[in-house]
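I have placed the structure first, in the form of structure tokens, so that the comments after it can refer back to it.
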Amino acid sequence: MEASTLAITILWSLLFVYSILGSLDFGAGFWGMIYGKNEEKSASQIANRFLSPTWEVTNVFLVIFVVSVVTFFPFATTLLSNVLLVPVGLGVLLLTIRTTFMVFQHHADRYKDLLRLTSGFTGLIIPALLVSILPITLGGFVSFESGYPRLQYGELLTHPTLYMHILFGLSTELFISAIFLMDYAKEAEDWNAYDTFRKHSLWLGPVSIAIAMLTISTFPEEASWIVDNIQEHWVAFGLSLLCFIIGYAFLFIKKKDGRRGLARAAVIMVGLQYAIAIYAYGAAHLPYLIYPDITIEDGFTNPDTFYQMLIVYAVGFGILIPAFYLFWRLFLKDRRYLKQE
Amino acid sequence: MDIVVMARALFGTSLGFHIIYATIGVGLPVMIIIAEVLHFIKKDPDYALMAKRWTKGFAILLAVSIASGTIVGVMISLLFPDFMEIVGQVIALPFQMEIFAFLIEAVFMSIYLYAADRLPPTLRLVSIISVALGATASAILITDVHAWMNTPAGFNITPNGEITDVDTWAAFFNPSFGVTALHVTLSAYMTVAFLIASIAALRLMRSKISKAERAYHKKALTIALYFGALMSLATAVNGHETAQMLHEYNPRKLAAAEGLFETQRYAPLSVGGYTSLEDQRVKYAVEIPYGLSFLAGDRLDTEVMGLNEWPEELWPPLYVHILFNVMVGIGTVLIMISFLALFWKHVLKKEFPSWLLATLVVSGPLAMLAIETGWCFSCIGRQPWTINEVLRTDEAATKSNSVGFLFYLFMTLYITLLFVTGFVMRYYFKRNPVRKDLEAREV
């Protein structure tokens, strides 16, 4: 494998991890907000119980992703930074509000509602901003003025594909978080929350798939290259759809205790669905980082530096495996944590 | 305004904001470890309570620290893309290692915060030690990149800007890495010690305070004073080494720090005052004869280079002399305050008089001011370069004209957050005073 191909594969893997963790994180924040005030309170508790210990780790994965882009593809920095300054800048600004207010709500009871609403809503806008980067890379939204790249805000903001991408991002975020929290609620044996999240998974699943398909049809003219590539990878996308159908079907299976839904199996299938879809989309996006201005080969660092970074990654994640295991045991498995009142 | 100026202003304020919380994030876990260990040894429940309360404060501040750290990490790529292009080729390793250190800190912080009651004492100690190690390691690793900007190493650059002959480890262990990393770490430890001393002193100044509360705050103050005295002394020794490093690798910055125009042996050290361009000297300063030569090379006849060795457009702004003096001045005052207080306690064996307590109250904010001026000195003193003598700041900065609008937006965010964090801290600790915790223990 070419070193640059390896680098982009790692990058897509990190993107996959962050898109899942980020969906869970922002989604849980959203559900925590929605159910924070009314009688279906346990759904909110489950969401917050998941969120409290995990948000820091999720946040680190965002930083890992950004640093990896810059260090693996330093020659792409100038173009990416000039074009993405505003969307990414606003993204981190909102992320700061969201993170701090989310933590502060546990320390200032009297202002809890205000803090919760602010963090919940910003949590909804951030993924929308982040996902708006995707259409920018497809082509047609970047122009060069006296040698410097500029994002064409007018074109972007008036193009339907931006809004379809945002809808796609939101529906995916909510679907992934709902189906995961359903499983988390089952682990906590909180059947009230379980039913709530199952109910949401049921409508969000088909909606997210429909929106994903519609989004492709709104791609700008300049993006015909990727539409062709997507059609070439139809087997992978078909497989992803199959995973979704199986996972979705698992939600209906009746168990001995009379409850519907094989939560864990459904979560795994949906995870597979997105893994396959993200890698297939990544493959279809090759060789461009931003079409037609920069390819992965143009942006790639020198291979020697890259291989040293790989060693850092291997050692780093190696050291962290026991820590992650402990983390998982304490917050995703330990009944004493899951079932506390 | 000029895009370069706005980009620097935006990044500078972001870093200036982050550094407050980051410094606390590096130092506070160490204070928590000290309290945990003292509790382990002395079995005095006051120390357990201290660790618990400091952890609560840490949890609040950590949210801002992590969020603003994310801003800084993203912003440096957005605002200085041509700088990151070189960083990605030469000094990417510490950046990546830093993330793993950060990840270790994040994972164990969650464990310590949300699972402490389910962990055996040893594993709890392991968690908080991992938090401290992760935090200190991230500080050291990110400082490595800063050190490399001051004393770049491990690559060649062709006249058309192409990077060749990359040696990542030579870049990693660049000449100023050791001293600078130590300086950042020690000064962070020192600052948090004085912040704790400030809070304890403030509480002790109140007249309405129970005996148990008084005992509690005295213990906290004692820990803070010992640790603060030790760290401020160590920072000073290390500061001396830093000056010698500047003399050897970055003489222009040293010349600007000291307001020295003419290269000379037996150079005097100017304390205070401001650097006057017309007079080519520091005005209104106290001069210590031979001081600078001695500082730079441990000998009175050390030749110290003056600013006139370089064309004026390569000089940093002359006000860095003031920044440098504020940093060093505060450092000196802190050593004196902490040793005086310890002298009072152990030699005179007397209660602290209220003027001494009042001095201790300001020690924490002073220490933080020294941190801020230190960072400003180090970054402004490197101008007009981003990577010393390799890449100028005006070449490194973005050309995007949206920077101005983002600057005002982020300024609003930082000011708001400073107030909100202060408010939440006050609110939380007002509702959960030490008294309440102590009484709950009695029952």
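What follows draws every value from the coordinates through simple rules; no lab data is involved. Source: prediction; values computed, not measured. Don't worry about glycine lacking a Cβ; one is built from the backbone with ideal geometry, like all the others, and counts go over all protein chains shown.
Please compute the Kirkwood hydrodynamic radius over chain B, one decimal place, Å, based on all pairs of different Cα atoms.
Result for chain B, one decimal place: 23.4 Å.
Compute the longest continuous run of chain A that contains no exposed trypsin sites (Lys or Arg not before Pro); treat a site as exposed when its DSSP state is not H, G, I, E or B and it has at most 14 other Cβ atoms within 10 Å.
A:38-254
Using only the alpha-carbon atoms, what does the range A:3-338 span along each of its principal axes? Please give whole angstrom values in decreasing order.
The principal-axis extents, from largest down, are 62, 43, 43 Å.
Test of the criteria: in the range A:193-263, which chymotrypsin sites (Phe, Trp or Tyr not before Pro) are in a DSSP loop and have at most 16 other Cβ atoms within 10 angstrom of their Cβ?
Hits after loop and neighbour filter: A:PHE252.
In peptide A:72-84, what is the residue-averaged number of other protein chain Cβ atoms found within 10 Å of each Cβ?
5
Quick check of the Kirkwood formula: for the range A:42-110, what is the inverse mean of 1/r over all pairs of different Cα atoms, in Å?
14.3
Round to a whole angstrom and tell me the spacing of the C-alpha centers of the range B:37-72 and the range A:78-103.
Centre-to-centre distance over Cα atoms comes out at 28 Å.
About the Cα centre of the range A:226-335, what is the dipole size in debye to 20, counting +1 per Lys and Arg Cβ and -1 per Asp and Glu Cβ, all else neutral? Could the numbers behind the result be given before it?
Details: 9 positive and 8 negative charges, 288 e Å.
Result for the range A:226-335 is approximately 1380 debye, rounded to the nearest 20.
Taking chymotrypsin sites (Phe, Trp or Tyr not before Pro) as candidate sites, keep only those in a DSSP loop with at most 15 other Cβ atoms within 10 Å, then name the longest stretch of chain B containing none of them.
The answer is B:1-172.
Amide H neighbours of B:LEU269 under 5 Å, at least 5 residues apart or on other chains, H built in the peptide plane: list them.
Counting only residues 5 or more places away or on other chains, the set is B:ILE288, B:TYR290, B:GLY291, B:LEU292.
Determine the principal axes of the Cα atoms in the range B:344-443, then give the extent along each, sorted from largest to smallest and rounded to whole angstroms.
Sorted largest first, the three principal extents are 64, 37, 22 Å.
If you place +1 on the Cβ of every Lys and Arg, -1 on the Cβ of every Asp and Glu, and leave all else neutral, what size is the dipole of the protein assembly as shown about its Cα centre, to the nearest 20 Debye?
4800
Return the Cα extents of the range B:190-241 along principal axes one, two and three, sorted largest first, each rounded to a whole Å.
46, 14, 12
For the range A:3-338, with only Lys/Arg (+1) and Asp/Glu (-1) charged at the beta-carbon, what is the dipole magnitude about the Cα centre, in debye rounded to 20?
That gives a dipole near 1640 debye.
Which whole number in µm²/s is D for the protein assembly as shown by Stokes-Einstein, with the Kirkwood Rh taken over Cα pairs at 10 °C and 1.306 mPa s?
Here the translational diffusion coefficient equals 56 µm²/s.
Just the number, please: percent antiparallel of the DSSP beta bridges in the protein assembly as shown, rounded to the nearest 5.
Approximately 100 percent, going by the DSSP bridge assignments.
Counting other beta carbons within 10 Å of each residue's own, what order do B:VAL362, B:VAL347 fall into, fewest first? Walk me through the numbers on the way to the answer.
Details: B:VAL362 15, B:VAL347 8.
By the 10 Å Cβ count, ascending, the order reads B:VAL347, B:VAL362.
Averaged over peptide B:100-113, how many Cβ atoms belonging to another chain are found within 10 Å of each residue's Cβ? Write down the numbers at each step before the final one.
Working: counts 10, 2, 5, 13, 5, 2, 12, 10, 3, 3, 9, 7, 0, 3.
Across the residues of B:100-113, the mean count of other-chain Cβ atoms within 10 Å is 6.
Sequence gap at least 6, Cα distance under 8 Å: using those rules, report the relative contact order of the range A:3-338 to the nearest whole percent.
22
Using just the C-alpha positions of the range A:224-341 as equal point scatterers, what log10 of I(q)/I(0) does the Debye formula give at each q in 0.14, 0.23 1/Å?
Summing over Cα pairs of the range A:224-341 leads to -0.96, -1.14.
Can you tell me, using C-alpha contacts under 8 Å and at least 6 residues apart, the relative contact order of the range A:201-341 as a whole percent?
With pairs under 8 Å counted, the relative contact order is 17 percent.
For the range A:209-282, what percent of Cα pairs sit more than 21 Å apart?
It works out to 37 percent of all Cα pairs.
Would you work out which of A:LEU262, A:PRO322, A:ALA277 lies farthest towards the positive end of the dipole of the range A:3-338? Charges go on Cβ: Lys and Arg +1, Asp and Glu -1.
The Cα lying farthest towards the positive end belongs to A:LEU262.
Cα axis of helix B:354-380 to longest principal axis of chain B: angle in degrees, 0 to 90, nearest 10?
Relative to chain B, helix B:354-380 is tipped by roughly 30 degrees.
How high is the relative contact order of chain B, in percent, with contacts defined as C-alpha pairs under 8 Å that are six or more residues apart?
20
Can you grab the distance from the C-alpha centre of the range B:320-395 to the C-alpha centre of the range A:136-204, Å, no decimals?
47
In deg cm²/dmol, rounded to 500, what helix-only [θ] at 222 nm does the protein assembly as shown give when every DSSP H run of at least 4 residues adds -39500 (n - 2.57) and the total is split over its residues?
-25500 deg cm²/dmol
Just list whichever of B:LYS218/B:LYS350; B:LYS42/B:LYS430; B:LYS208/B:LYS349; B:LYS42/B:LYS350; A:LYS339/B:LYS52 have alpha carbons separated by over 18 Å in the model shown.
Numbers: B:LYS218/B:LYS350 13 Å; B:LYS42/B:LYS430 28 Å; B:LYS208/B:LYS349 23 Å; B:LYS42/B:LYS350 24 Å; A:LYS339/B:LYS52 23 Å.
B:LYS42/B:LYS430; B:LYS208/B:LYS349; B:LYS42/B:LYS350; A:LYS339/B:LYS52, as the Cα separations exceed 18 Å there.
Can you divide the C-alpha Rg of the range B:215-342 by 2.2 N^0.38 Å and report the result to two decimal places?
1.23
Would you mind counting up the charge near A:TYR288? Only other residues with Cβ under 12 Å from its Cβ, with Lys and Arg at +1 and Asp and Glu at -1.
Taking every other residue near A:TYR288 into account, the sum is -4.
Volume per residue, Å³, of the convex hull around the alpha-carbon atoms of the range B:120-273?
Spread over its residues, the Cα hull of the range B:120-273 gives 191 Å³ apiece.
Roughly speaking, what is the centre-to-centre gap between the range A:316-338 and the range B:265-302 when only Cα atoms are used, to the nearest Å?
So the separation of the two Cα centres works out to 57 Å.
May I ask you to derive the FRET efficiency for B:ILE209 and B:THR332 from their Cβ-Cβ distance with R0 = 35 Å, giving the value to the nearest 0.05?
0.65
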